[in-house]
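Colleague: Okay, handing you the structure first.
The values are calculated or read from the model by the stated rules, or taken from the named source; none is laboratory data. Everything numeric in this text was worked out from a predicted model, so none of it was measured. So basically every Cβ, Gly included, is an ideal-geometry build from the backbone, and we count neighbours across all protein chains shown. All accessible areas refer to the heavy atoms of the entire protein, side chains included, with ligands and DNA or RNA removed. Shrake-Rupley method; radii C 1.70, N 1.55, O 1.52, S 1.80 Å.
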Amino acid sequence: MNEPLKLMIGVPAYRGQVHYGHIMQMMSMCSVTFAARGLLSLRGITCPESCSIDWSRNQILHYALKDGSDWVLMCDADTYHTNAADLVRMIEEARIKGAAVVASPVKMRGRAGYNVFTAGDASEKRIVPSDEFAGKVLEVDRIGTACMAVNCGWIRDRWADQPWFVTQHLPGVAPSKVGEDVAFCDGVRSRGGVILADGRFEPRHIGAE
């Protein structure tokens, strides 16, 4: 019998606050863990409290690596999905395909479309239309971290030294930046890692409905 998949969950929780939907998500995850009968080991949850999102994400991944987890699932404080079976299926699909990262596309707040992008510099990146990934698992260049699972084994083997998530501030007339999620995806791809988008389900992003 295979060893159970050891899963850590991380929530970057500014001021310690999360949406009540996370309670439903965790209860669903516990139910799935019980039903899996040794196929899934839920290691715990870590919620670093900081207004620095890249620091929080680095803390979550560091904690999962230190714990010996196989995967870490990051769900932002304003993003959740109450059917945990979809989340487990997403990670299992990525594990089978040997991916470094898998995430579910999430609607962006304040902008049209989902958080899936093509490669290129900040001015070239393009939002990928939802009909390209809806209902399927697709390899992509970049995807946001709102509901993302990272393969800890891949990180140990290919990118052992942190920081993994770094917001890049760009020079120019007006302040602009490359988000820590885009920079992380670029770092994964530059090291030969595969990034998957699981468009078979859609987490809720509060305020983006």
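Colleague: What are the pairs, 6+ residues apart or on separate chains, where a residue within the range 131-152 that is farther than 13 Å from Cys75 by Cα has its Cβ under 8 Å from a residue that is among the aromatic types (Phe, Trp, Tyr) and assigned to a loop (DSSP other than H, G, I, E, B)?
Modeller: Val140/Phe133
Colleague: State which residue pairs qualify: first residue within 16 Å of Ile9 (Cα to Cα) and inside the range 27-39, second residue surrounded by 12 or more Cβ atoms within 10 Å (Cβ to Cβ) in any location, beta carbons under 6 Å apart, and separation of 6 or more residues or different chains.
Modeller: What qualifies is Ser28/Thr82; Ser28/Ala84; Met29/Ala84; Val32/Ala84; Val32/Ala85; Val32/Val88; Thr33/Leu40; Thr33/Leu42.
Colleague: Okay, next question. Check off (1) more than 19 Å from Arg191 (Cα to Cα); (2) under 16 Å from the mean Cα position of the chain (by Cα); (3) among the basic types (Lys, Arg) for Arg142 and give me the number that stays unchecked.
Modeller: Arg142 satisfies every listed condition except (1).
Colleague: Hey, among Ala77, Ala94, Ala64, which residue is open to solvent by less than 40 Å² (accessible area, probe 1.4 Å) and assigned to a loop (DSSP other than H, G, I, E, B)? Break it down stepwise before answering.
Modeller: Numbers: Ala94 fails: assigned to a loop (DSSP other than H, G, I, E, B); Ala64 fails: assigned to a loop (DSSP other than H, G, I, E, B).
From the options Ala77, Ala94, Ala64, the qualifying one is Ala77.
Colleague: Would you be able to say whether some residue in the range 154-163 is in a strand (DSSP E or B), without any contact (Cβ under 8 Å) to a residue 12 or more places away in the chain and not aliphatic (A, V, I, L, M)?
Modeller: Of the residues in the range 154-163, the ones in a strand (DSSP E or B) are none.
Checking the range 154-163: not a single residue is in a strand (DSSP E or B), without any contact (Cβ under 8 Å) to a residue 12 or more places away in the chain and not aliphatic (A, V, I, L, M).
Colleague: In addition: Tell me which of these Ala77 doesn't satisfy, since it passes every other one: (1) at pLDDT below 95; (2) over 28 Å from Ile23 (Cα atoms); (3) of a type in the set (Gly, Ala, Ser).
Modeller: Every condition holds for Ala77 apart from (2).
Colleague: While we're looking at this one, here's another question. Filter the range 113-131 down to the residues that are surrounded by 14 or more Cβ atoms within 10 Å (Cβ to Cβ), more than 17 Å from the chain's Cα centre (by Cα) and not in a loop (DSSP other than H, G, I, E, B) and list them by number. Step through it out loud before you land on a result.
Modeller: Filtering the range 113-131 for residues surrounded by 14 or more Cβ atoms within 10 Å (Cβ to Cβ) gives 113-117, 119, 125, 127-128, 130.
Now narrow it down to the ones that are more than 17 Å from the chain's Cα centre (by Cα): 113, 119, 125, 127-128, 130.
Residues satisfying the conditions are Ile127, Ser130.
Colleague: Can you name every residue in the range 167-204 that is in contact with a strand residue (DSSP E or B) (Cβ under 6 Å, 6 or more places away or on another chain), surrounded by 21 or more Cβ atoms within 10 Å (Cβ to Cβ) and not aliphatic (A, V, I, L, M)?
Modeller: Cys185, Asp198, Pro203, listed by residue number.
Colleague: Within the range 1-23, is even one residue hydrophobic (A, V, I, L, M, F, W, C) and in contact with a His (Cβ under 8 Å, 6 or more places away or on another chain)?
Modeller: We begin by selecting, within the range 1-23, every residue hydrophobic (A, V, I, L, M, F, W, C); these are 1, 5, 7-9, 11, 13, 18, 23.
Still in the list and also in contact with a His (Cβ under 8 Å, 6 or more places away or on another chain): 11.
Yes, the range 1-23 contains at least one residue that is hydrophobic (A, V, I, L, M, F, W, C) and in contact with a His (Cβ under 8 Å, 6 or more places away or on another chain).
To keep it simple, each residue is scored yes or no on (1) without any contact (Cβ under 8 Å) to a residue 24 or more places away in the chain; (2) closer than 18 Å to Trp154 by Cα; (3) crowded, with 21+ Cβ neighbours inside 10 Å.
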| position | (1), (2), (3) |
| --- | --- |
| Cys47 | no, no, no |
| Thr82 | no, no, no |
| Ala99 | no, yes, yes |
| Arg111 | yes, no, no |
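Colleague: Can you tell me which residues in the range 164-209 are among the basic types (Lys, Arg), part of a loop (DSSP other than H, G, I, E, B) and more than 20 Å from His62 (Cα to Cα)? Give the steps one after another, and end with the answer.
Modeller: Restricting attention to the range 164-209, the residues satisfying the condition of being among the basic types (Lys, Arg) are 177, 189, 191, 200, 204.
Add one more test, that the residue is part of a loop (DSSP other than H, G, I, E, B), and what stays is 191, 200.
Hit for the range 164-209 is Arg200, nothing else.
Colleague: Name the pairs whose Cβ atoms lie under 9 Å apart, with the first residue in the range 187-207 and closer than 24 Å to Gln168 by Cβ, the second among the β-branched types (Val, Ile, Thr) and open to solvent by 40 Å² or more (accessible area, probe 1.4 Å), and 6 or more positions between them or separate chains?
Modeller: Gly187/Val166; Val188/Val194
Colleague: Determine if the range 7-25 includes at least one residue that is touching a residue at least 24 places away in the same chain (Cβ under 8 Å) and aromatic (Phe, Trp, Tyr).
Modeller: Our first condition is that a residue be touching a residue at least 24 places away in the same chain (Cβ under 8 Å); within the range 7-25, this holds for 7-19, 21-22, 24-25.
Narrowing further to those that are aromatic (Phe, Trp, Tyr): 14.
Yes, the range 7-25 has at least one match.
Colleague: Moving to a separate point now. Determine whether the range 110-132 contains at least one residue that is among the basic types (Lys, Arg) and at pLDDT 95 or above. Step through it out loud before you land on a result.
Modeller: Start the filter on the range 110-132 by keeping residues that are among the basic types (Lys, Arg), which leaves 111, 125-126.
Still in the list and also at pLDDT 95 or above: none.
No, the range 110-132 contains no residue that is among the basic types (Lys, Arg) and at pLDDT 95 or above.
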